[in-house]
Amino acid sequence: MIFNPEYESMETGARSALQFARLKNLVEKLYGKVPFYRAKLDAAGVKPKDIRSLADIALLPFTTKDDLRETFPYGLLACPESEVEEIHMSSGTTGVPVVDAYTRNDVEAWGEAMARTLAGAGGCRNDTVQNCYGYGLFTGGLGVHYGAKSLGANIIPMSSGNTQKQLMTMKAFGSTMLTCTPSYALFMAEEAAETGYDLKGMKLRAGCFGAEPWSENMRKEIEAKYGIDAFDIYGLTEITGPGVAFECEAKDGLHVNEDLFFAEIIDPETGRVLGEGEKGELVFTTLLKEGTPLLRYRTRDITFLRRDPCSCGRTTVRMNRLFGRTDDMLIIRGVNVFPSQIEHALIEIEGTDPHYLIVVDRGPTHLDEVELQVEVKREFFSDETRGLEVLRSRIENVMKSKLGIALKVKLVEPKTIERSIGKAKRVIDKRKI
Ligand code: DLL
């Protein structure tokens with residue numbers, strides 16, 4: 001079902017006109033209300049009146065994650081603080097969070113974008129959505145929640161974890177849609193098999209999975225284990241959260257909610273705008289956002305866009321499933337982690353050397369497991385074993401509190417981690433996604 005045919009199946013010329021009108025408004029607003037953007041536009045020599053067509057978006061400067069970090073917490077706010085109704089955050093490169101502030105209209109638009117997303121997976125008001133994305137600062141939980149509300153469906157706000165309770169609830173209430181990360185879906189399937197739940201005999205029909213990379217093979221596995229259709233959904237905190245793009249029944253690319261988010265692909269080296277079908281970095285401009293609107297935000301996600309017609313009848317541009325990222329960000333059990341965060345945390349721990357290796361794997365449980373190998377200073381290594389054990393658990397605790405994920409620490413002798421003459425290899429990612 002198409003939730004909002006007026007916008008989703010809009011004639012493309014009319015949509016471009018709408019996007020242009022929204023873009024022009026946005027640039028005027030940012031120039032008038034956000035000193036950060038006024039300075040950025042002045043530095044680029046662009047005035048709002050220079051935006052005379054949609055293609056003129058290429059004149060505008062990019063916004064980067066560093067810009068967000070430097071303006072923490074409210075430097076990009078484009079509305080009075082009193083109009084902010086909700087805040088979400090995700091971890092930044094050095095631990096300074098990335099903030100998204102929403103007005104009432106923003107929350108409503110988010111609900112609409114997510115209702116379209118759930119409808120893309122066949123969702124309607126008769127559905128019972130079991131939402132196992134984390135509720136809180138992460139956008140997954142509340143994003144799906146608002147979408148299910150706009151759709152008029154029944155929402156079970158489970159949040160993540162507590163797998164036996166998830167399964168019991170799924171069976172008892174006859175949940176028809178499942179929303180969680182794809183790796184958690186596989187983990188839950190495993191638990192179901194071990195504890196005697198017959199997933200295929202339940203009422204589940206479809207699931208919306210995202211927030212981390214996954215593959216066609218994982219899709220097939222989830223579909224086979226649950227007996228459902230599995231759909232890819234995409235979004236990021238900076239650009240509202242989930243609901244930026246979603247798959248329809250064709251499962252052939254993700255439809256971008258183009259009246260809300262203007263998508264471009266650029267060459268990550270030169271910043272040049274690339275054409276349809278060309279692979280590069282995905283860039284978004286939030287066309288209607290009021291709280292923290294962003295101009296040409298560089299997502300660091302790599303994909304390409306296509307405009308060929310889709311059998312579902314939506315006319316929106318589609319992005320391909322992601323190919324990866326331009327930076328070293330890892331997504332571990334849905335949490336964004338940068339190796340630099342680990343490095344910063346290690347520097348503060350006495351007894352360790354700044355030589356480390358992060359080994360990520362997906363264990364038999366399908367959940368991400370991380371082993372952090374850390375070199376210990378020579379004087380510590382000759383110490384008794386108890387001292388090492390104390391150090392090991394101290395590092396684990398620091399990492400847990402700084403990164404928000406549990407990882408296993410393995411202390412290694414000085415000079416055992418391979419040195420590099422170029423860019424140090426800090427991560428071995430063995431996950432076969
Ligand atoms: O992960 C928002 C979200 C929640 C999306 C629930 C889908 C479902 P962040 O925590 O800010 O926001 O992480 C955003 O996660 O730039 C991508 O690199 C990655 N990502 C998100 N969805 C997908 C996906 C949420 N479907 C970052 N496939 C993005 C691959 C994804 N990677």
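Cut-off 10 angstrom, C-alpha nodes, Gaussian network model of the chain. Which of GLU389, GLU190, GLU375 fluctuates the most?
Top of the fluctuation ranking is GLU389.
For region 1-126, with only Lys/Arg (+1) and Asp/Glu (-1) charged at the beta-carbon, what is the dipole magnitude about the Cα centre, in debye rounded to 20?
Values: 15 positive and 18 negative charges, 73 e Å.
With only Lys, Arg, Asp and Glu charged at Cβ, the dipole is about 360 debye.
Just flag the GluC sites (Glu not before Pro) in region 255-322 sitting in loop per DSSP whose Cβ has no more than 14 other Cβ atoms within 10 Å. Each step should come with its number before you reach the end.
Details: sites: GLU258, GLU264, GLU269, GLU276, GLU278, GLU281, GLU290; in loops: GLU258, GLU269, GLU276, GLU278, GLU290.
Here the GluC sites (Glu not before Pro) that fit, given the DSSP loop and packing criteria, are GLU269, GLU276, GLU278.
Given the options ASN25, ASN131, ASN257, which has the most mean-square fluctuation in a GNM of the chain, springs set between C-alpha atoms less than 10 angstrom apart?
ASN25
Set Lys and Arg Cβ to +1 and Asp and Glu Cβ to -1, take the dipole of region 95-197 about its Cα centre, and tell me which of SER159, ASN105, PHE187 lies farthest positive.
Comparing the listed Cα positions along the dipole, ASN105 ranks first.
Which loop trypsin sites (Lys or Arg not before Pro) in region 182-240, with loop taken from DSSP, have no more than 14 other Cβ atoms within 10 angstrom of their Cβ?
Working: sites: LYS200, LYS203, ARG205, ARG219, LYS220, LYS225; in loops: LYS203, ARG205.
The qualifying sites are LYS203.
Please sort by residue number the chymotrypsin sites (Phe, Trp or Tyr not before Pro) in region 44-150 whose DSSP state is loop and whose Cβ has at most 15 other Cβ atoms within 10 Å. Please list the in-between numbers first.
On the way: sites: PHE62, TYR74, TYR102, TRP110, TYR133, TYR135, PHE138, TYR146; in loops: PHE62, TYR74, TYR133, TYR135, PHE138.
Of the chymotrypsin sites (Phe, Trp or Tyr not before Pro), the ones in loops of region 44-150 whose Cβ has at most 15 other Cβ atoms within 10 Å are TYR74.
Please find, in a Gaussian network model of the chain (springs between Cα atoms separated by less than 10 Å), the residue of GLY277, GLY387, GLY291 whose mean-square fluctuation is greatest.
GLY387
Magnitude of the Cβ-charge dipole of the chain, K/R +1 and D/E -1, about the Cα centre, nearest 20 debye?
Details: 56 positive and 63 negative charges, 49 e Å.
Dipole size: approximately 240 debye.
In region 207-295, if the dipole is taken from +1 on Lys/Arg beta carbons and -1 on Asp/Glu beta carbons about the Cα centre, which of VAL256, TYR226, VAL244 is farthest to the positive end?
Of the listed residues, the answer is TYR226.
No value in this document is a laboratory result; all are computed from the given coordinates. Only a predicted model underlies this, so the values are computations on that prediction, with no experimental measurement involved. As a convention, Cβ positions derive from the backbone with ideal geometry for all residues, glycine included, and neighbour counts pool all protein chains shown.
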